[in-house]
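Novice: The structure's right below; bear with me while I get my questions together.
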Amino acid sequence: MSDFHIHPQNAVVEEGGVARFQCQIHGLPEPVILWHKNSMPVNTDNERYTLLPKGVLQITGLRAEDSGIFHCVATNIANVKFSREARLTVSGSHSTVYKDPMILVGPENLTLTVHQTAVLECIATGNPRPIVSWSRLDGRPIGVEGIQVLGTGNLMISDLTVQHSGIYVCAANKPGTRVRRTAQGSLVVQAPAEFVQHPQSISRPVGTTAIFTCVAQGEPPPQITWLRNGQILETSDHIKLKNNNSTLSIYGINQTDEAIYQCLAENSAGSTQASARLTVLWADGLPSPPQAVRAETVSATTIQVSWEKPLQNTKEIIGYVLHIRKAADPVEMEYQEAVSKSTFQQLVTDLEPSTSYSFYIKAYTSRGASKASEVTVVSTLGEVPAMPSLFIKVINSTAVQATWEPSIKLGQHEGFKLYYRKVHLAQYTGPVLLASNVTAYNITHLDASVVYEVKLLAYNQHGDGDSTVRFVSLRETVERTVLNPPCDCMKDEQSNKTSTTGIIIGIHIGVTCIIFCILFLMFGYRGRLLMCKNVQEQLSTPQIPRSQRSTAGLVLNGAARRDRDDRDLNGKQLDMNELERLFPASPSQEQQDKGMTPAHSPPAPHDDTQISTLPLDEFSIMEEQPEPFPKAPRGGSPPAPAPGHGPANEG
């Protein structure tokens, strides 16, 4: 054991409060810490005394008899050590003054491994005594399995798992209120590395590929390292590590690759290792490697590979395998082509232009493969660009426009070359060199009477590509121009504007005339209707002398008509004047009117008026007045006519 690096300290606490002592020491094996008070072991049966596994002593609800001298004793099989002493003094009497909840000691940040025990400490004071509760900051439940509360608020979690990792919150609540204080601590549970899949021992023939897989898990995730016969494995062209070192691949194995391969997985919580053996099968009498391997470039996408048969053990050969790979690619990108035993050359196609490729050959028998031949590296030729798409558009009788589309099918190209000529001539005009980003070019000053040939091609550092040829004639354009002369657009536009203006003005005039006609018909109809109404009323009104019209009312047949005419007397005078102006009376009628005297007679029992329709020049007004038939009074003579009244004259 080492010496104590934390000793208990003196404390003075009020009665009813909380006292805490702590001591820490390291040893192997881990020492057990016990507490003594006044040189006697502390009574752990007292509920107010709580001993935590990490050397902490808590005393709650302090009393006067708790005062004394405390020290801790650390014991393991190697030694026993005593800490320094600390004095606890309990002062005063229990106070009833209210105190807010307060957390004296909160949980520490802990990093432990699985299956260990975590103790999260939480000591709270206050008056009244606060209630301590625990929760997780992420909201997940703490659970109940392996969970225990020590003392008044310490949380102990036994048999830790990775799922216990998280941030734990200690809350001190005042009873019956929402007043609370909180403290939090982080718990990290680590898991040592362990294998999910172990590497397996394998046996492989010479020239084949061996693959070992080693998968491990842990918290934090473990790192995987490979060893070969106890030494760190160095990667090379034929030894590759993939998938975070979980997969070891050995390509083209030979006898020197036979060994024990170890997989070491380790993290901060621990490490583990597993091993597997690679056995290389080598049969006697296998062919020797093929000889004189050569590769020749045929085109930008084709290489021809040739070789000679092995020098030894050729009778059992059943075929050859050609191994092909881009020189810049890793070994695992290699692919193979099988060749019959009687063939000593192979045309490799569908390659990329201007690219280096590596080739080697193996001879195969029913018992295994030979060693690999020497590797040869050769590059394909550069490729010229493909033919561009060309379109010709006639601009006018002396110019055309050549356009083309950029395309990835052209490949790498530096630019374009444009040629054109008259078809009856052998010499081209050009080339016109155009940049790779140009897609159109205008050809001017052409002769409209001949046909032209236009040629376009793309070029790069490897040469000119195939050309695209188009023919164009400007004669049809000239003929269309003669048959369909161009219009004077400005003149036509002005004519269209003038015609439109005239149409609008004509429409306005027509609408105005229609409105005037409608108004004329309406007013004419209204006047005629008023005239006919007055004539009808006049025909039903008895004639009186003109001299009496201003002072006497018109007497009509019937009491109802008399009342209505009395109300409209003034208006009727105007209507009669208008009627006289329209229909003047005859002289005989005027003379008769002059000699007529007004007469009033008793109302007749019946009033019949006849209206005749006559031409205007023969129009006259007639009035019939039947003789009255007065009733004779009972027993009396007929009444005498009123003075000044006589029978009405007929007109």
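The values are calculated or read from the model by the stated rules, or taken from the named source; none is laboratory data. Note that the coordinates shown come from a computational prediction; the quantities given were computed from them, not determined experimentally. Please note: Cβ atoms are built from the backbone with ideal geometry, for glycine as well, and neighbour counts cover all protein chains shown. Note: accessible area is taken over every heavy atom of the protein model, side chains too, but ligands, DNA and RNA are not part of it. Shrake-Rupley method; radii C 1.70, N 1.55, O 1.52, S 1.80 Å.
Novice: Under the rule of at least 5 residues apart or a separate chain, name every residue whose amide H is placed under 5 Å from the amide H of Tyr357.
Specialist: Ala327, Val378, Ser379, Thr380
Novice: Further, regarding this structure: Under a point spin-label approximation (7 Å from Cα along Cα-to-Cβ), what is the Val511-Leu227 distance to one decimal in nm?
Specialist: 10.6 nm
Novice: Another question, then. When the chain is fully extended, how far beyond the present Cα-Cα distance does Thr314 get from Ser135, taking 0.36 nm per residue of separation? If you can, show how the numbers build up before the last one.
Specialist: Numbers: separation 179, 0.36 × 179 = 64.44 nm, distance 7.84 nm.
Answer, rounded to one decimal: 56.6 nm.
Novice: Over region 161-251, with every protein chain in place, what whole percent of the accessible area is carbon and sulfur at 1.4 Å, could you tell me? Please report the intermediate quantities before stating the final value.
Specialist: Values: 2230 of 4840 Å².
Carbon plus sulfur share of accessible area: 46 percent.
Novice: Please report, in cubic angstrom per residue, the volume enclosed by the convex hull of the alpha-carbon atoms of region 97-192. The partial results should precede the final answer.
Specialist: On the way: hull volume 8.2 nm³, N = 96.
Normalising the Cα hull of region 97-192 by residue number yields 86 Å³.
Novice: Same structure, new question: Find out how many positive minus negative residues lie around Lys99, taking Lys and Arg as positive, Asp and Glu as negative, among other residues whose Cβ is under 15 Å from that of Lys99. Intermediate values should be presented prior to the final figure.
Specialist: Numbers: positive: Arg129, Lys174, Arg180, Arg181; negative: Glu14, Glu15, Asp100.
Summing Lys and Arg as +1 and Asp and Glu as -1 gives +1.
Novice: If you don't mind, another one. For region 284-379, what is the accessible area per residue in Å², given a 1.4 Å probe and the full set of protein chains?
Specialist: Numbers: 5060 Å² over 96 residues.
So region 284-379 comes to 53 Å² accessible per residue, rounded to a whole number.
Novice: Looking at region 167-258, which trypsin sites (Lys or Arg not before Pro) are in a loop (DSSP not H, G, I, E or B) and have at most 13 other Cβ atoms within 10 Å?
Specialist: Answer by residue number: Arg178.
Novice: Right, next: In the structure displayed, which of Lys37/Lys174; Lys326/Lys455; Lys393/Lys417; Lys240/Lys362 lie more than 30 Å apart, Cα to Cα? Don't skip to the answer; put the middle values down first.
Specialist: Working: Lys37/Lys174 32 Å; Lys326/Lys455 37 Å; Lys393/Lys417 18 Å; Lys240/Lys362 21 Å.
Too far apart for the 30 Å limit: Lys37/Lys174; Lys326/Lys455.
Novice: Could you please state how large a percent of the accessible area of region 391-474 is carbon and sulfur, counting protein chains only and using a 1.4 Å probe?
Specialist: The nonpolar share, carbon plus sulfur, comes to 51 percent.
Novice: In whole percent, and with a 1.4 Å probe on the protein chains, what portion of the accessible area of region 1-95 is carbon and sulfur? Don't jump to the answer; show the numbers that get you there.
Specialist: Working: 2730 of 5250 Å².
Percent of accessible area from carbon and sulfur atoms in region 1-95: 52.
Novice: May I ask you to derive the FRET efficiency for Asp284 and His115 from their Cβ-Cβ distance with R0 = 41 Å, giving the value to the nearest 0.05? Show your work: numbers first, answer last.
Specialist: On the way: r = 55 Å, r/R0 = 1.35.
According to the calculation, E is roughly 0.15.
Novice: Let me ask something additional. Averaged per residue, what accessible area in Å² does region 109-257 show with a 1.4 Å probe, protein chains only?
Specialist: Working: 7880 Å² over 149 residues.
Normalised by residue count, the accessible surface of region 109-257 is 53 Å².
Novice: In the full protein assembly as shown, how much of Ile202 is accessible to a 1.4 Å probe, in Å² to the nearest 10?
Specialist: 30 Å²
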